[in-house]
1. Applying 1/(1 + (r/R0)^6) with R0 = 35 Å to the Cβ-Cβ distance of Ala106 and Lys285, what FRET efficiency is obtained, to the nearest 0.05?
2. Just how far, in whole angstrom, is the range 272-312 from the range 94-113 if you go by their alpha carbon centroids?
3. Rank these for me by crowding, Met32, Met244, going from fewest to most other beta carbons within 10 Å.
4. Could you please rank Asp272, Asp307, placing first whichever residue has the fewest other Cβ atoms within 10 Å of its Cβ?
5. Given R₀ = 30 Å, FRET efficiency for Thr171-Lys132 by Cβ-Cβ distance, to 0.05?
6. Under the Karplus relation 6.51 cos²θ - 1.76 cosθ + 1.60, θ = phi - 60°, what is the ordered set of whole-Hz ³J(HN,Hα) values for the range 203-219, x standing for Gly and Pro?
7. I want the antiparallel fraction of DSSP beta bridges within the chain, as a percent rounded to 5.
8. Say each of His51 and Met125 gets a label point 7 Å from the Cα, pointing the same way as Cα to Cβ; how far apart are those two points in nm?
Amino acid sequence: MKGTYTHLSMYSGSSASGHGGGKMSLGKSIKMYLTIFVLTTCIYMALYQYHLSREPFAASEVVKPPLYIITPTYRRPEQLAELTRLGYTLKHVANLLWLVIEDANATNPLVGHTLDRIGVPYEYMVAPMPEKYKQTKRAKPRGVSNRNRGLEYLRQHATEGVLYFADDDNTYDISIFEQMRYISKVAMWPVGLVTKTGVSSPIIKNGKLVGYYDGWIGGRKYPVDMAGFAVSVKFLKERPDAQMPFKPGYEEDGFLRSLAPLDSTEIEFLADECRDILTWHTQTKKNAPAQALNRTHYKDTNLEHIDQLLVRP
Ligand code: UGA
Ligand code: MN
């Protein structure tokens with residue numbers, strides 16, 4: 001008690017009050033309790049603010065409709081670099097499932113490790129191109145069996161949200177993902193760097209679709225690039241036969257046609273009503289396969305390990 005008393009009298013300061021030999025005056029103790037009250041209130045307010053700043057944020061992340069990103073990939077020296085670049089783009093996007101589908105008969109552990117390291121939720125599947133298309137000397141339907149496998153997965157596992165075909169070699173501004181998340185049927189937007197034309201885009205006049213701008217129209221109803229459209233999962237599931245044809249140059253058109261009936265007034269135009277470019281059809285220079293490592297010369301060095309990480313065709 002003595003200690004407390006001493007402490008309190010110290011608290012009351014050196015300008016000791018004239019009242020009752022060291023006891024606090026009523027005014028002083030009111031001041032003290034007020035100070036404690038204000039401090040406690042401040043602490044509670046700060047804690048509440050912290051709580052607010054976290055809780056509703058987390059809740060809004062959860063209620064966002066899911067995005068299903070279907071990415072065809074295939075074995076080649078650039079494969080892990082492409083997947084790493086795309087993966088870290090997707091890592092900025094909430095509530096997303098990345099469907100990575102390889103044109104192969106078996107999965108590759110190197111791809112699996114790369115996806116694990118990136119840390120985006122993913123499913124890694126295989127869907128080989130049918131032999132008859134592999135043999136052809138003409139253009140191949142690249143990534144078609146992969147994308148159809150992705151559609152099959154969605155028909156089995158997805159109920160809501162939006163699907164998007166993101167080739168592993170393209171470039172994406174993450175704002176397009178937040179825009180496509182809320183579409184009701186089909187959405188389209190411009191894609192940069194497609195042929196000499198520079199861009200592939202729906203043509204919009206007075207808020208309405210009046211045509212398509214693309215270097216090659218080729219009699220297509222939907223002359224759009226793979227990177228330039230998204231489809232709602234509910235809408236896809238209302239079209240049980242919708243799929244992508246094994247028809248080089250007509251993959252996008254064939255798939256979009258298979259979503260019929262679809263009126264052009266039902267298509268939503270994103271990226272500031274197609275006045276902005278948020279996706280690019282980029283292409284990586286092809287690299288020759290790495291030569292075999294001289295295992296005798298580099299025995300017991302790190303190169304023995306690194307060599308295991310190289311994707312050779
Ligand atoms: C792209 C589209 O992917 C084609 O489907 C489309 O027909 C073409 O544009 C077009 O619009 O003309 P491109 O960029 O030239 O084709 O092709 P790639 O990037 O080589 O392949 C497309 C996707 O399929 C990539 O994600 C790639 O990893 C994958 N792919 C490619 C395979 O799964 N297997 C292959 O043998 C080649
Ligand atoms: Mn490409």
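1. Numbers: r = 27 Å, r/R0 = 0.78.
According to the calculation, E is roughly 0.80.
2. 16
3. On the way: Met32 14, Met244 24.
Ascending Cβ contact count within 10 Å gives the list Met32, Met244.
4. Arranged by neighbour count, lowest to highest, Asp272, Asp307 become Asp272, Asp307.
5. The formula returns an efficiency of 0.40 here.
6. 9, 10, 10, 6, x, 10, 6, 10, x, 10, 9, 7, x, 9, 8, x, x
7. Working: 15 of 36 bridges.
Within the chain, antiparallel bridges account for around 40 percent of the total.
8. Modelled inter-label distance: 4.4 nm.
Rule-based calculations on the coordinates, nothing more; no lab input. Everything numeric in this text was worked out from a predicted model, so none of it was measured. Glycine also receives a Cβ, built like all others from the backbone with ideal geometry; neighbour counts cover every protein chain displayed.
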